[in-house]
Each structure stands twice: as structure tokens, then as C-alpha cells.
Amino acid sequence: MIMKKFLNDSANLTSELLEGYCLAYSNKVKLVNEKIVVRANAKSQDKVAIISMGGAGHEPAVSGFVGDGMLDASVVGDIFAAPGAPKVLEALKMFQRDAGILLVVLNHAGDVMSANMAVQLAERAGIKVTVVNTHEDISAGLDTPIEDKRGLAGCVPLYKVAGAAAEEGKPLAEVVEIAERFNQQMATLAVASSNCTHPQTGQAISNLADDEMEIGMGQHGEAGGGISKMLSADETAERMIKPLIEATGAKSGDTVQLLINGVGATTLMEMNIIYRKAHQILNAQGIKVVPGIVAELLTVQEMGGFQMILCKLDTDHESYLQAPSNTPYWTTQ
């Protein structure tokens with residue numbers, strides 16, 4: 001697979017993309033100390049700070065959701081690599097406050113290790129911080145232990161819910177409870193339809209034949225075990241939404257949000273057709289679907305496919321999703 005990307009020196013990818021991103025959205029975000037993206041207009045010190053972290057190469061995640069009503073900061077690692085513990089600790093020190101910090105971590109080994117080390121050091125320094133690990137990927141099976149489930153793009157609506165609760169002035173314990181309850185009621189399933197290349201090495205990070213798709217592939221090319229011949233949009237949507245309904249426990253009378261996250265090469269046309277069928281299935285089961293999202297939130301370079309995210313909502317979650325936010329890639333009026 002030949003890599004065709006508009007890049008310069010591969011050693012400078014992360015620094016150049018962050019510089020360009022913060023220049024493009026300078027009214028909303030700014031870059032601090034090379035790999036920490038913060039709000040251009042800081043939130044009041046008497047409110048809980050929300051921080052997240054992750055490797056570059058998945059844009060707009062994670063930094064695309066720094067801004068009013070969502071994240072206060074993102075700590076960025078190199079391409080597909082977790083940021084180191086020292087950089088995470090630097091961000092925690094930067095946002096130290098009596099109100100405390102919520103650190104949202106996607107459940108991947110490197111991210112969890114860096115976060116745990118940084119939090120231990122932060123707590124020794126008297127910094128008040130609580131971690132929420134997202135782990136909503138159900139590809140390994142509904143009964144898989146939480147610690148073995150990956151965090152995928154479900155982190156993004158969680159940023160919205162937690163960020164809105166923090167903006168409202170909720171104390172740290174309540175923000176954590178609201179975020180964790182949302183975390184336990186969401187589920188994600190991914191499907192890949194074509195391969196992509198690592199932008200630093202040019203090597204393919206997955207291996208699918210032209211007529212194949214794989215349900216359950218991770219966002220770094222991790223195997224999902226569900227390789228099949230390509231299915232139609234309706235067949236794919238049905239195969240994915242049914243286990244998501246089971247995983248969330250959604251039933252007639254419940255309220256959900258459905259999101260389709262494009263991972264790079266799949267068109268909005270395709271994703272809207274997928275959303276249509278999944279919505280029909282939810283509606284047929286008497287499940288209320290609030291306005292959703294069909295967009296690229298967390299990508300995997302030029303990989304074809306998408307992640308389907310289903311969030312069962314409590315009343316407060318629904319309200320927080322509608323609360324105002326103003327970030328480069330999620331704005332709610």
C-alpha cells in the first residue's frame with residue numbers, strides 16, 4: 001500500500017499538526033509547552049477542570065473537543081502513542097485547583113499506564129484528581145471484563161456530559177458520578193472496510209482484502225475477529241445496532257443518543273444511510289432517539305469504516321448533551 005499524504009518530515013508530524021490546528025482555531029484553543037492544548041478562554045478556577053489525553057493521528061480527537069463546555073485541556077502523544085506520564089503530570093499541575101480535576105482516559109494500555117503514574121505523582125503533590133476510564137468497545141464480547149474493553153469514540157459524548165456538569169458548577173464527586181453513570185450506559189462497535197497507513201512509517205496498520213470488512217477492528221488496526229465479505233448498509237447497521245442495544249440495556253420507553261463516527265475514508269452519504277437503518281430499528285423497539293451525530297470525531301487516518309456509538313441517557317445526561325458548548329469540532333447553541 002503506497003502512502004499518499006501531504007506531509008513534511010515525519011519527525012515533526014505532531015508538532016506541525018498541533019501548530020496548524022491552534023492557528024486555525026486561535027479563538028478557541030492555544031498550544032502550551034508543545035503538546036498540551038488548552039482553552040483560549042480559561043474556565044473559572046472554582047469549577048472542576050476536565051482533561052483528557054491520547055496519541056495524535058486520530059484528529060479531531062482529542063484536542064478538537066477542547067473549549068467552552070467540554071475539555072479544559074488535552075495532552076497529546078506522538079502518532080498513535082500515549083503521551084508520557086511527565087507531560088500528563090505537567091497538565092495536572094497546570095490545572096491544579098481546589099475544585100479538582102477529572103482526567104478522562106481511553107482504556108488502552110499505554111494511556112492507562114501514563115495516567116496512573118501521573119496521578120500517583122500528582123496526588124503526592126497535593127493535586128485533587130479523579131480518573132474515569134472509558135471502555136465501551138463491545139467487540140470482545142458483552143461479558144468481557146471492563147479492564148479488557150477498549151475505549152473508542154464514546155469518549156467524545158462523555159466529554160460533553162462531564163464538561164457541561166463542570167460548567168454548571170457541580171463538585172468533583174458529582175461530575176465523576178454523572179460521567180461514570182454515562183460511561184456505564186454507552187457501547188461502541190467499529191467496522192473497518194479498508195486499510196490505512198501509519199503516517200510516520202508508511203506501513204499498513206491493517207490487512208483487509210478489497211471485498212472484506214471487519215466488525216470489531218480497533219482504532220490502531222487491532223483485530224476484531226469479525227471478518228466477512230462486504231455487506232450492504234442495512235445489513236451492516238442491523239448487525240451492529242442489535243448487540244449495542246443489548247449492551248446498553250436500552251428498552252422500550254428509554255431514551256438514547258446514536259452517533260456514527262467516521263474513521264477516515266467512509267463518506268457522509270454512507271454513514272447517513274447507516275444511521276437511517278439503525279434509527280429505524282431503535283424506533284421499532286419503542287426506544288426514543290434524541291438528535292444524534294454523523295461526523296468524523298475520532299479517525300484512523302484514511303481507514304474506511306466507522307464506529308457506531310449508542311448511549312442510553314438518563315434525564316440529566318440528555319440535558320447536558322443539549323447544554324451550550326463551543327469547541328472546534330462540537331458546538332451546541
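Since every read-out is calculated from the coordinates, none of them should be taken as a lab result. It should be emphasised that the depicted structure is a prediction, and the values quoted were computed from it without experimental measurement. Please note: Cβ atoms are built from the backbone with ideal geometry, for glycine as well, and neighbour counts cover all protein chains shown.
The set of residues from the stretch 175-197 being aliphatic (A, V, I, L, M), within 14 Å of the chain's Cα centre (by Cα) and closer than 30 Å to residue 230 by Cα comprises 186, 187, 189, 190. The set of residues in the stretch 290-332 that are within 20 Å of residue 66 (Cβ to Cβ) and in a loop (DSSP other than H, G, I, E, B) comprises 296, 297, 298, 299, 323, 324, 328, 329.
Number of residues in the stretch 151-189 that are over 19 Å from residue 324 (Cα atoms), part of a helix (DSSP H, G or I) and either of a type outside the set (Val, Ile, Thr) or in contact with a helix residue (DSSP H, G or I) (Cβ under 6 Å, 6 or more places away or on another chain) (or both): the value is 8. Counting only strands (runs of 3 or more DSSP E) wholly contained in the stretch 1-61, the ones carrying 3 or more residues that are more than 18 Å from the chain's Cα centre (by Cα) occupy 29-32.
So which of 245, 227, 260, 241 ends up being among the hydrophobic types (A, V, I, L, M, F, W, C), surrounded by 17 or more Cβ atoms within 10 Å (Cβ to Cβ) and either free of Cβ contacts under 8 Å to residues at least 40 places away in the same chain or in contact with a Gly (Cβ under 9 Å, 6 or more places away or on another chain) (or both)?
Every option except 260 fails the conditions.
When the stretch 266-291 is filtered for residues that are surrounded by 20 or more Cβ atoms within 10 Å (Cβ to Cβ) and among the small types (Gly, Ala, Ser), only 278 remains. Only a single criterion out of (1) in contact with a helix residue (DSSP H, G or I) (Cβ under 6 Å, 6 or more places away or on another chain); (2) surrounded by 19 or more Cβ atoms within 10 Å (Cβ to Cβ) is not satisfied by residue 67, namely (1). Of the residues in the stretch 83-92, none is in contact with a Pro (Cβ under 8 Å, 6 or more places away or on another chain) and either touching a residue at least 40 places away in the same chain (Cβ under 8 Å) or of a type outside the set (Val, Ile, Thr) (or both). Residue check: residue 250 meets all listed conditions (1) under 21 Å from the mean Cα position of the chain (by Cα); (2) outside any helix (DSSP H, G or I); (3) crowded, with 17+ Cβ neighbours inside 10 Å but one, namely (1). Scanning the stretch 94-150 for residues that are of a type in the set (Ser, Thr, Tyr), buried (at least 23 other Cβ atoms within 10 Å of the Cβ) and assigned to a strand (DSSP E or B) yields a total of 1.
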